[in-house]
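Okay, so here's the structure we're looking at.
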Amino acid sequence: MDPQTATLTRAPDDSGAPAHARDFGVQDRVVVITGGGQGIGRELSRQFAAAGAIVAIADLNLAAARSVEGEIVAAGGRGLALQVDVADKASVDAMAQAILDAYGRIDVLVNNAAIFATLNKRPFDQIPLGEWEQVMRVNITGVFLTSCAVVPAMRQAGWGRIINISSDAVNKGVPNYLHYVTSKSALIGMTNSMARELGPHGITVNCIRPGGVATEVERTHNPTEEIRASLLTQQCLPRGQMPEDLVGIVMFFATPAAGFITGQTIAADGGMTHNH
Ligand SMILES: NC(=O)c1ccc[n+]([C@@H]2O[C@H](COP(=O)([O-])OP(=O)(O)OC[C@H]3O[C@@H](n4cnc5c(N)ncnc54)[C@H](O)[C@@H]3O)[C@@H](O)[C@H]2O)c1
């Protein structure tokens with residue numbers, strides 16, 4: 001049966017609404033979080049696990065992924081640390097296979113890994129070509145490769161969720177950051193087009209644009225206190241953004257309740273930017 005129809009014809013609950021409409025859960029979902037070893041990915045991994053999901057923490061930095069796995073297991077959750085280079089097809093395919101071997105399913109992919117904290121800001125005409133190409137390779141091609149690797153299992157299940165992490169830098173047009181902003185812009189187009197191809201298979205694809213999120217990680221391009229204070233005045237909610245501010249929207253997109261929302265990009269940035 002068509003996966004969408006199957007969901008819609010599920011027996012109504014007491015409220016008269018189909019059960020999926022009020023299912024905000026991720027319990028027992030197999031969730032892959034790329035770049036899950038630190039920063040935003042670490043917080044997403046911990047919170048998905050706390051909500052009952054089985055989390056594959058997939059990161060280039062295996063020690064960091066293992067540390068997050070340790071945090072999850074110590075808290076009574078289920079996590080699996082995996083080393084992956086999202087820019088390398090063989091590595092990504094091996095990651096997907098390892099998850100399928102372990103759990104038999106991949107329900108949710110959060111495309112969070114990127115070259116970000118280590119990136120230097122500089123005028124665009126001074127970005128070395130190699131650095132430009134590396135950012136495109138990881139931040140764009142990485143999302144393509146991971147999506148290609150998980151989609152066969154999602155298609156077979158007739159259910160899946162892909163959630164891409166872009167940036168509000170796209171809408172702000174941040175200077176001296178052209179490779180990063182360009183790469184994060186691409187994710188919005190990829191989200192729109194992939195959503196159209198995958199909708200008939202019961203798979204949604206959505207995108208989130210975080211603002212400047214303070215994480216436990218030191219960055220090469222941290223803003224000065226003065227710039228930070230001035231940025232806060234541009235937000236509707238004038239306080240600093242934390243990784244946990246992204247948990248609600250990412251988790252929502254992963255739930256059955258969000259099943260009729262796809263091809264959307266939403267800013268979670270305290271109202272710094274708006275969609276037009
Ligand atoms: N922190 C922010 O202010 C902010 C704002 C907007 C968007 N974002 C986006 O959110 C995501 C997470 O941000 P963050 O601050 O946690 O970033 P971060 O740089 O601290 O962490 C990125 C993670 O990705 C991993 N990674 C890098 N290259 C990889 C590769 N080739 N294969 C697998 N893993 C790889 C790193 O090891 C690291 O664990 C990124 O996509 C970033 O662009 C962050």
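The values are calculated or read from the model by the stated rules, or taken from the named source; none is laboratory data. If you're wondering where the values come from, they're calculated on a predicted model, not measured in any experiment. Heads up, the Cβs are rebuilt from the backbone with ideal geometry, glycines too, and the neighbour counts pull from every protein chain shown. Quick note on the areas: whole protein, heavy atoms, side chains included, nothing else; ligands and nucleic acids left out. Shrake-Rupley method; radii C 1.70, N 1.55, O 1.52, S 1.80 Å.
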Exposed GluC sites (Glu not before Pro) absent: longest stretch of the chain, with sites in DSSP loops and at most 13 other Cβ within 10 Å deemed exposed: 1-215
Express as a percent, rounded to the nearest 5, the fraction of DSSP beta bridges in the chain (both residues included) that run antiparallel. 5
Can you tell which of GLY76, ASN275, GLY25 lies farthest toward the positive end of the dipole of the chain, using +1 and -1 charges on the Cβ of basic and acidic side chains (Lys, Arg; Asp, Glu)? ASN275
Binned at 10 Å starting from 0, the alpha-carbon pair-distance distribution of the range 58-124 in whole percents comes out as 18, 44, 27, 8, 2
Given the Cα atoms of the range 167-276, and with Rh set as the inverse mean 1/r over their pairs in the Kirkwood sense, what is Rg to Rh to two decimals? 1.00
Could you state the angle between the C-alpha long axis of helix 89-103 and the longest principal axis of the C-alpha atoms of the chain, as a value from 0 to 90 degrees rounded to the nearest 10? 40
Using Cα pairs under 8 angstrom and six or more residues apart, how large is the relative contact order of the chain, in percent? 20
Residue with peak Gaussian network fluctuation, the chain [Cα springs, cutoff 10 Å], from THR262, THR118, THR204: THR118
Around ALA94 (Cβ within 11 Å, Cβ-to-Cβ, excluding ALA94; K/R +1, D/E -1) the net charge comes to -3
Which value, to two decimals, describes the C-alpha radius of gyration of the range 181-222 once divided by 2.2 N^0.38 Å? 1.60
In Å², what does the accessible area per residue of the chain work out to with a 1.4 Å probe? 47
Mean Cα-pair separation over length for the range 24-116, i.e. relative contact order, pairs under 8 Å, 6 or more apart, %: 33
Rounded to the nearest whole number, the Stokes-Einstein translational diffusion coefficient of the range 1-155 at 25 °C and 0.890 mPa s (Kirkwood radius, C-alpha pairs) in µm²/s is 145
If every Lys and Arg gets +1 and every Asp and Glu gets -1 at its Cβ, then about the Cα centre the range 26-268 yields a dipole, in debye to the nearest 20, of 420
Computed over the chain, Cα set: Rg, Dmax in Å: 18.4, 62
PHE260 to GLU131: FRET efficiency via 1/(1 + (r/R0)^6), r the Cβ-Cβ distance, R0 41 Å, to the nearest 0.05? 0.50
Relative contact order (percent, whole number), the range 124-212, Cα cutoff 8 Å, 6+ residue spacing: 38
Around TYR180 (Cβ within 15 Å, Cβ-to-Cβ, excluding TYR180; K/R +1, D/E -1) the net charge comes to +4
